[in-house]
Structure formats: structure tokens, C-alpha cells
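I have placed the structure first, in the form of C-alpha cells, so that the comments after it can refer back to it.
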């Protein structure tokens, strides 16, 4: 049944999400490359603006679409139909979470392509690359970080979506009255702040990262990414994400049963 729900999710969302990703690919990847063949200076200017603006806009729009889909599918006109299906609430929620996760992964893949395209175009201008090259040289990347970085990315995506869905569900609790949206926002930002506390409370970690970054920028030293993404330094945040994900999933299932009870 989960696969059927996922197919339904993609059939219902591919136009919106696909359009956003297509526009991002066109504006941030295809357009700079087309301009590069005609006018390199125009391509550089285009990349500088479209990459930063396109990245921010696409991320915001995708999350808004995820929120709208969750809200309309569970609390809108489709809600009654969804909860008459012969499936448990956790299966319905899991389908939403996985579909949002896959669309977000697709957007991250496009962001990676857009980043590579922008750097390739910037490298064609010697003066501009002299500005970027020292910054790029600051970072030392260990190939052994691929696995923890990938796990961190996957957990952060799932965690972010689950917080969003939980906040929407909290906002639908009847006791809030007209303050539902405000309580949803408080819930979202409150959880985001609270789950980041383990990182900040780790002994000396924040100070070491800040100091190392400042020294790297001022003295052109290297900033080792192991301080952020290695198993040893990254496990507290990964564990926090995993715990928050599981707890919020269970709480959301319980709230869904209460806030969407059939009358």
C-alpha cells in the first residue's frame, strides 16, 4: 500500500515540483552555459545573481509546496478521502515524508550541478578566480568524509521535513483557536533551535571552529572539514536528528488521529 500511496503522491505533485526544478535548471545551469558561449562576462554576471537567488527561491518554494501538500491532503478537501483508506496513519505520513524527501534530494542534485557550473564559469575569468581560489583552498576535504556527510545530509532532510509536518499538525489543534499559525511557527523554530543545542554545548567545539575559521581566513590556512562532518565530531548532531525524527514521527501520527478524526 505504501508504494501505491507514493505513486499517488508523485502523480499529484510532479507538475508543481517538476516545474520548480525545471525552472531552476534552466535559469541556474542552462542559461549561464548558453551565455558563456556568446559572452563570458554576461555568463559570469548571470551566474553570480541566478545561483544565489535561484538557490534561495527554489528551497523556499519547495518547502512551501511540501507544506501545502501536507495541509491540503490531510486537512483540506482530500482529508476525508485519505483517512477512509484501509491504511494506518503512519503509512500515510510515511508516504508524505518519503515523497518530500525524494523531491528534496532531486533539488540537492540540481544544486550540486549548478554549483559546479558556476565555479567552472568563474574559473574562466582569471581576476574573478583569484578571489575565489583562496577561499576554495582554505578547505581540506578527506575522502573518508563522504559517508558521514551523506548520512548527515539524508538525516537533515528527513528531520527538516518532519519538523515542518509536525508544526503544521500542531497548528491544527483546536485549542489554539485563531493562534494556530503562530503556534505552528513557534513549534517549527523552537524545535530547530532546541535540536541544535547539543552541537553548541559540546566542550570547546564552537570555539575551536570559530577560531580555526578566523585564522584560516586571515592567514590562508586550511580549514579541515573533519571538524564538522567526521564520525567523531558529527555523531551528536546525527543522533539528535535521528531521535527528533523518530519522536516527531510518532507524535505526528498521534496528533493526526486526533485532529483528523472522522465525525
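Miscellaneous remarks
Yes or no, residue by residue, for (1) surrounded by 17 or more Cβ atoms within 10 Å (Cβ to Cβ); (2) within 26 Å of residue 254 (Cα to Cα):
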| position | (1), (2) |
| --- | --- |
| 19 | no, no |
| 24 | yes, no |
| 41 | no, no |
| 52 | no, no |
| 67 | yes, yes |
| 97 | yes, yes |
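- Whenever a residue of segment 48-70 is outside the structural domain of residue 100 (by TED's automatic domain parsing) and over 19 Å from residue 116 (Cβ atoms), it has no partner that is surrounded by fewer than 17 Cβ atoms within 10 Å (Cβ to Cβ) and modelled with pLDDT under 80 lying with C-beta atoms less than 7 angstrom away and at least six residues away or across chains.
The values are calculated or read from the model by the stated rules, or taken from the named source; none is laboratory data. Bear in mind that the values here come from a model prediction, so they are computed numbers and not experimental data. Note that we place each Cβ from the backbone using ideal geometry, even for glycine, and neighbour counts take in every protein chain shown.
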